[in-house]
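The structure appears right after this line, and notes come after that.
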Amino acid sequence: MSAGDQTFAAPGEIPAPSSRLLDLVFPGDTNHHGTLFGGAGLALMDRIAFIAATRHGRVPFVTASCDRVDFQAPARVGELVELLARVTRVGRKSMTVEVEMVAEGLTSGERRLCTRGSFSMVAVPEGKAPDWHLPPLSAAYEELAPGLRASDIVFADQANSFGRMFGGEALAAMTKAAFIAATRHGRKITVLAASERVDFRAPVALGSIVDTVATVVRVGRSSMTVAVELWSEDLMSASRALTATGRFVMVAVDERDRPVPVVRHEGGAA
């Protein structure tokens, strides 16, 4: 591939999502209207664009520009935001990542496109040969497996003095995944009732990608047991390790925090 070569997604073809990030909109992330700050949304979009770019090129990347960002609808406090990132153009040392942010009502299941943006990411291939270039677009995509799967990055404020992710931060990520999976399953308000078991198998280094995989494995009258795996992935080598596993009991409740029956919602997703 020469310096000017570029590859694009085929016209009319929507490539498979390469990375997905899930988060909840808390009051501290919103303005006085109770909707997500635009800057907070952009930060999430840039984060998942970085993950998608790094998974494609396996070299350090920096954000060069946000070419266009369209805000179409607000994300409200208490809603889930799902961000999907797709690499759509690859040059010699740069690429374009398209990101969509969708808001979802946890109990209603209503989904709406909030924001769409295009991010230009530039590779910083230290130590590579002068003729090094990014892999072509065709090698970039892997279908996301079904179920609740989400990616994020371990930042400095989540790590201890040894550069390893705090156990409490890992637990927070796992319980959030359990909450989202259980709420999507029955479309009821859910609360954490118990943690049956959590095993920490390997440390997670600062700067790693972490993937949470949550599956509803048992449903009772008002309770659901969610099995959660936490995987770590090295940014450069792509080596992956199962770092923690856990089982969490979530209970469906009403507005007065009284247990209510769980009925699988047609739009629910484990």
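Starting from residues that are of a type in the set (D, E, K, R) and assigned to a strand (DSSP E or B), keep the ones in the range 240-257 and report whichever is surrounded by the most Cβ atoms within 10 Å (Cβ to Cβ). The residue in question is R247. One residue is enough: does the range 79-86 have a residue meeting the conditions at pLDDT 95 or above, farther than 25 Å from P125 by Cβ and part of a loop (DSSP other than H, G, I, E, B)? Yes: the range 79-86 contains one or more residues that are at pLDDT 95 or above, farther than 25 Å from P125 by Cβ and part of a loop (DSSP other than H, G, I, E, B). Contact map, the range 54-70: residues that are of a type in the set (G, A, S) paired with residues that are surrounded by 15 or more Cβ atoms within 10 Å (Cβ to Cβ), Cβ distance under 6 Å, separation 6+ or inter-chain. Pairs shown: G57/A123; G57/L134; A64/S120; A64/V122; S65/S120. Could you please let me know if G38 is touching a Leu at 6+ places or on another chain (Cβ under 6 Å), touching a residue at least 24 places away in the same chain (Cβ under 8 Å) and not assigned by TED's automatic domain parsing to the domain that holds A173? When the stated conditions are applied, G38 does not pass them. List the number of the failed condition for R218; all other conditions in (1) free of Cβ contacts under 8 Å to residues at least 24 places away in the same chain; (2) over 26 Å from T54 (Cα atoms); (3) in a loop (DSSP other than H, G, I, E, B) hold. So the condition that R218 fails would be (3). Just one of (1) closer than 18 Å to D152 by Cβ; (2) out of contact with any helix residue (DSSP H, G or I) (no Cβ under 9 Å at 6 or more places or on another chain) fails for G246. It is (2).
If the condition is being in a strand (DSSP E or B) and either of a type outside the set (D, E) or touching a Cys at 6+ places or on another chain (Cβ under 7 Å) (or both), then the range 196-214 contributes R197, V198, F200, A205, I209, V210, T212, V213, A214. In this structure, A193 does not qualify as assigned to a helix (DSSP H, G or I) and not assigned by TED's automatic domain parsing to the domain that holds V99. When the residues of the range 178-199 are filtered to those that are small (G, A, S) and within 22 Å of L21 (Cα to Cα), the one that is surrounded by the most Cβ atoms within 10 Å (Cβ to Cβ) is A182. Look at S237 and say whether it is assigned to a strand (DSSP E or B), closer than 30 Å to V90 by Cα and touching a residue at least 24 places away in the same chain (Cβ under 8 Å). It is false that S237 is assigned to a strand (DSSP E or B), closer than 30 Å to V90 by Cα and touching a residue at least 24 places away in the same chain (Cβ under 8 Å). State all residues of the range 83-124 that are in contact with a His (Cβ under 9 Å, 6 or more places away or on another chain) and over 25 Å from A150 (Cα atoms); if no residue qualifies, say none. Of everything in the range 83-124, those that are in contact with a His (Cβ under 9 Å, 6 or more places away or on another chain) and over 25 Å from A150 (Cα atoms) turn out to be G91, R92, K93.
The values are calculated or read from the model by the stated rules, or taken from the named source; none is laboratory data. As the structure is a prediction and not an experimental result, all values here were calculated from the model. Cβ coordinates were reconstructed from backbone atoms using ideal geometry, including for glycine residues, and neighbour counts include every protein chain displayed.
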